[in-house]
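Notes for the one structure printed next.
The values are calculated or read from the model by the stated rules, or taken from the named source; none is laboratory data. Not measured: the values here are computed from a predicted model. Glycine gets a Cβ as well: all are built from the backbone with ideal geometry, and neighbour counts include every protein chain shown. Keep in mind that these areas ignore ligands, DNA and RNA; they rest on the heavy atoms of the full protein, side chains included. Shrake-Rupley method; radii C 1.70, N 1.55, O 1.52, S 1.80 Å.
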Amino acid sequence: PELIQAAANVLLIGVTSFFRDPAVFQDLGRLLPQLSQPRGGIYAWSAGCSDGAELYSLGILLAEQELLERSYLLGTDCRSDAIVQARAGIFGEAE
């Protein structure tokens, strides 16, 4: 049982980047005002978020449209080290 997390870390590939699929994020940015009604924000869950770059990308879009404060963003991943990195929210210049 103590090796389960180590095995998951080796087997799973966390592929993520900011605005990874530009066309999707462009469309999402255009649709956010509609999606945020009637709450004035959105609830989003990123399952398998890795280091959280896509969820942070959504947060950026929401902040640009002044919708972030009324939104709830949740990222989960089965790899605890990925969650630690996502929670820290620290990314290098290349990212």
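Quick look at the numbers
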{"quantity": "Test: residue 73 is on the phi < 0 side of the Ramachandran plot and within 11 Å of the chain's Cα centre (by Cα)", "calculated": "yes"}
{"quantity": "Total residues in the range 47-70, condition open to solvent by 30 Å² or more (accessible area, probe 1.4 Å), hydrophobic (A, V, I, L, M, F, W, C) and over 11 Å from the mean Cα position of the chain (by Cα)", "calculated": "2"}
{"quantity": "Pairs with Cβ under 7 Å, 6+ apart, first in the range 70-95 and without any contact (Cβ under 8 Å) to a residue 40 or more places away in the chain and of a type in the set (A, V, I, L, M, F, W, C), second surrounded by 11 or more Cβ atoms within 10 Å (Cβ to Cβ) and part of a helix (DSSP H, G or I)", "calculated": "73/55; 73/58; 73/59"}
{"quantity": "Residue that is farthest from the chain's Cα centre (by Cα) [pool: residues in the range 76-95 that are in a helix (DSSP H, G or I) and charged (D, E, K, R)]", "calculated": "81"}
{"quantity": "Cross-chain or 6+ apart pairs with Cβ under 8 Å, the range 1-20 first and closer than 14 Å to residue 82 by Cβ and of a type in the set (A, V, I, L, M), then open to solvent by less than 80 Å² (accessible area, probe 1.4 Å) and modelled with pLDDT under 80", "calculated": "none"}
